[in-house]
Amino acid sequence: MRLDEFLKKKRYFSSRTRAKRAILKGKVIVDGEVITKPSFRVRGGEKIEVLIDDRPEGYFKLKAIDEEVSLLKGAKRALDIGFGAGGFSIYCLENGLEVIAIDLEETELASELSRRAEFTFIKGDAFLMDLEYIVDLLLIDVTTEQKGTLSLLNKYSKCLTSNGRVLSVFKRPPIENEIKDEISRKYHTIKWITPEEKDEVYWIGKLR
Ligand SMILES: C[S@@+](CC[C@H](N)C(=O)[O-])C[C@H]1O[C@@H](n2cnc3c(N)ncnc32)[C@H](O)[C@@H]1O
């Protein structure tokens, strides 16, 4: 099999194009030798080293939050609103959760993950949908104004089990006072996290 195809198949990269790009940059080592030809043939028993991490930024964002507040602890099913590059979904799948993800467009990664029984992708506008799913983890990371994020939180909190947890990503801090007030009236806050060098704030919470 071609090396680029093999790397995609083994999930080192989310697409063959990305695998090819890394090979051409000299970032893939097969049995101790840097290989720069994407069509290089491999049989499958070779020692493969990949010098770059292809996982989307969201993966590391969610991982850091999970390490700080044990967000995924005990969770079995997540609703990922704003699939984007798939970082949140990949992190949840890697941690054994079933994932339902929504985005306006279906990417190559979303179609590929949809072949797995644990992953469902729904293409469409999250503001206009009416979903019946029940989940114990709700992830909201949609490029919209803070009021939009809050309205998604209010809309999809009905999908949460009583112990379920939420991560909502609010863009462009500081958080408006009305939003903070509404959140503290309706929900229980576990933590607000303001990361450095990011134009967003994370709210982690639960139903009251
Ligand atoms: C910042 S990205 C999400 C990144 C994602 N958490 C990750 O880990 O890669 C925001 C996503 O929200 C999606 N989005 C924006 N408006 C939306 C809407 N009305 N309904 C569903 N998705 C929407 C965008 O298409 C974009 O992919």
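The values are calculated or read from the model by the stated rules, or taken from the named source; none is laboratory data. All of these numbers come straight from a predicted model, not from anything done at the bench. Note: ideal-geometry Cβ built from the backbone for every residue, glycine included; neighbour counts use all protein chains shown.
The table for this structure:
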read-out: From I81, I100, residue being of a type in the set (A, V, I, L, M), modelled with pLDDT of 95 or more, assigned by TED's automatic domain parsing to the domain that holds V166 and closer than 22 Å to W192 by Cβ; value: I81
read-out: Any hit, the range 86-101, residues being among the charged types (D, E, K, R) and more than 10 Å from the ligand (Cβ to nearest atom); value: yes
read-out: Meets criteria (of a type in the set (S, T, Y), part of a helix (DSSP H, G or I) and at pLDDT 95 or above) for S89; value: yes
read-out: From E68, E49, residue being closer than 24 Å to I190 by Cα and either out of contact with any Pro (no Cβ under 9 Å at 6 or more places or on another chain) or in a helix (DSSP H, G or I) (or both); value: E68
read-out: Residues within the range 6-29 that are over 10 Å from V50 (Cβ atoms), over 23 Å from the mean Cα position of the chain (by Cα) and outside any helix (DSSP H, G or I), tallied; value: 2
read-out: Residue match in the range 192-204 (condition: in contact with a helix residue (DSSP H, G or I) (Cβ under 8 Å, 6 or more places away or on another chain), under 23 Å from D53 (Cβ atoms) and either assigned by TED's automatic domain parsing to the domain that holds S14 or more than 16 Å from the ligand (Cβ to nearest atom) (or both)); value: no
read-out: Residue satisfying all of: in the range 125-143; near the ligand (Cβ under 10 Å from one of its atoms) and within 17 Å of the chain's Cα centre (by Cα); surrounded by the fewest Cβ atoms within 10 Å (Cβ to Cβ) among these; value: T143
read-out: Extreme residue, farthest from the chain's Cα centre (by Cα), among residues of the range 53-87 that are within 25 Å of R21 (Cβ to Cβ) and surrounded by fewer than 13 Cβ atoms within 10 Å (Cβ to Cβ); value: D53
